[in-house]
Amino acid sequence: MKIVNKIEEIKALNKELKKAGEKISFIPTMGKLHEGHAALIKEALKYGKAIVSIYVNPLQFGKGEDYDTYPRDNDGDIKFLEELKADILFIPLENITAETATFVVNPYLSNILCGLFRPGHFQGVLTIIMKLFSAINPSFAFFGLKDYQQYIMIKKMAEDYYPDIKIVPVPTVRDTGGLALSSRNLYLNEKDRKHACNFYKILSNTASLFNSGEISAEKLTLFTTLELIKNGFHIDYVKIMDKELAYEKKATENGDILLSAVRLSGVRLIDNIFLVRTE
Ligand code: PAF
């Protein structure tokens with residue numbers, strides 16, 4: 001695996017790859033890689049040369065958030081990527097966003113769901129992705145569905161500014177208890193980690209209620225909320241929306257999505273589930 005630290009180097013390398021007729025698959029990450037990232041990389045390798053970036057992006061952390069303590073493990077990540085046979089790692093050694101004067105915003109999507117609880121977060125995400133897309137200019141970019149709001153916003157930004165980049169969604173990877181994998185799960189102690197599995201169980205129970213005929217979004221979100229509270233979760237939000245996140249639903253339809261963010265012992269967890277009628 002080739003390791004590149006400078007934006008100019010990655011730009012030059014991409015030009016060479018394109019000249020050689022290669023398709024570029026891009027997987028942006030913040031490191032401390034786990035099986036969720038492995039799923040993105042395995043998928044990416046099916047489409048072209050896999051370029052992974054590791055950059056803990058200061059722009060997407062708010063005041064009082066965990067930028068300084070965010071888990072970092074460059075040596076472990078390099079080993080992990082070599083085993084997966086990723087082609088190129090772009091890992092800037094300095095702050096590549098310090099001089100940023102222009103920011104990317106989606107005024108509607110930045111201010112719903114997680115955006116209400118993390119002001120500035122999505123502006124930071126879109127801005128770094130814009131910067132990385134401009135440098136790497138991939139044919140494909142891969143994003144996990146656990147961060148559904150992020151995926152939709154990046155898809156929309158690509159539609160607006162990078163119509164040649166195909167944004168590929170990859171299903172959430174879960175541990176054996178159902179907890180969605182996240183680098184931040186490391187903040188949970190063992191007892192909380194086991195308990196956190198109830199989050200997805202509760203969302204799944206709501207999906208079963210929908211499948212058995214309940215369509216009132218108010219009843220479905222109330223059921224979810226009460227179950228989460230009963231199980232000791234502090235709730236940021238529980239919402240049912242259409243799959244493009246254009247509006248909140250009153251009458252739930254097949255293919256809508258239930259999204260939630262909760263806190264357990266101070267650790268923030270997000271997850272979602274599509275509401276599907278199987279009949
Ligand atoms: O999902 C993440 O890890 C980050 O938000 C991303 C997409 C790498 C941007 O920093």
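Some notes on this structure:
- Residue that is nearest to the ligand (Cβ to nearest atom) [pool: residues in region 139-153 that are surrounded by fewer than 21 Cβ atoms within 10 Å (Cβ to Cβ) and under 27 Å from residue 22 (Cα atoms)]: 151
Conditions (1) surrounded by fewer than 16 Cβ atoms within 10 Å (Cβ to Cβ); (2) of a type outside the set (Val, Ile, Thr), marked per residue:
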{"residue": "168", "(1), (2)": "no, no"}
{"residue": "173", "(1), (2)": "no, no"}
{"residue": "177", "(1), (2)": "yes, yes"}
{"residue": "189", "(1), (2)": "yes, yes"}
{"residue": "194", "(1), (2)": "yes, yes"}
{"residue": "208", "(1), (2)": "yes, yes"}
{"residue": "212", "(1), (2)": "yes, yes"}
{"residue": "217", "(1), (2)": "no, yes"}
{"residue": "220", "(1), (2)": "no, yes"}
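- The residue list 21, 31 contains one member that is touching a Lys or Arg at 6+ places or on another chain (Cβ under 8 Å) and at pLDDT 95 or above, which is 31.
- Qualifying residue in region 233-248 (condition: among the β-branched types (Val, Ile, Thr), surrounded by fewer than 21 Cβ atoms within 10 Å (Cβ to Cβ), more than 13 Å from residue 179 (Cα to Cα) and out of contact with any Ser or Thr (no Cβ under 9 Å at 6 or more places or on another chain)): no
- Criterion: at positive phi and out of contact with any Cys (no Cβ under 7 Å at 6 or more places or on another chain) - qualifying residue of 76, 64: 64
- On the stretch given as region 181-219, residues that are more than 30 Å from residue 40 (Cβ to Cβ) and either of a type outside the set (Ser, Thr, Tyr) or within 16 Å of the ligand (Cβ to nearest atom) (or both) total 7.
- Within region 154-178, restricting attention to residues that are of a type outside the set (A, V, I, L, M, F, W, C) and within 14 Å of the ligand (Cβ to nearest atom), the residue that is farthest from the chain's Cα centre (by Cα) is 155.
- Taking each residue of region 166-192 that is polar (S, T, N, Q) and looking for partners that are at pLDDT 95 or above and not in a loop (DSSP other than H, G, I, E, B) with beta-carbon atoms closer than 7 Å, six or more apart or interchain, yields 172/144; 172/145; 172/146; 172/180; 182/146; 185/193.
- In region 84-121, residue nearest to the chain's Cα centre (by Cα) [restricted to those that are of a type in the set (D, E, K, R) and surrounded by 13 or more Cβ atoms within 10 Å (Cβ to Cβ)]: 118
For every residue, the table says whether it meets (1) within 16 Å of the ligand (Cβ to nearest atom); (2) of a type in the set (D, E, K, R); (3) closer than 21 Å to residue 6 by Cα.
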| residue | (1), (2), (3) |
| --- | --- |
| 26 | yes, no, yes |
| 31 | yes, no, yes |
| 46 | no, yes, no |
| 72 | yes, yes, yes |
| 86 | yes, no, yes |
| 92 | yes, no, yes |
| 96 | yes, no, yes |
| 100 | yes, no, yes |
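- Selection within region 53-64: residues that are outside any helix (DSSP H, G or I) and closer than 19 Å to residue 96 by Cβ. The member of this set that is nearest to the ligand (Cβ to nearest atom) is 57.
- The condition of being over 24 Å from residue 117 (Cβ atoms) and assigned to a strand (DSSP E or B) does not hold for residue 41.
The values are calculated or read from the model by the stated rules, or taken from the named source; none is laboratory data. All figures in this text were calculated on a predicted structure; none of them were measured in a lab. Ideal geometry is used to build each Cβ from the backbone, glycine not excepted, and the neighbour counts take in all protein chains shown.
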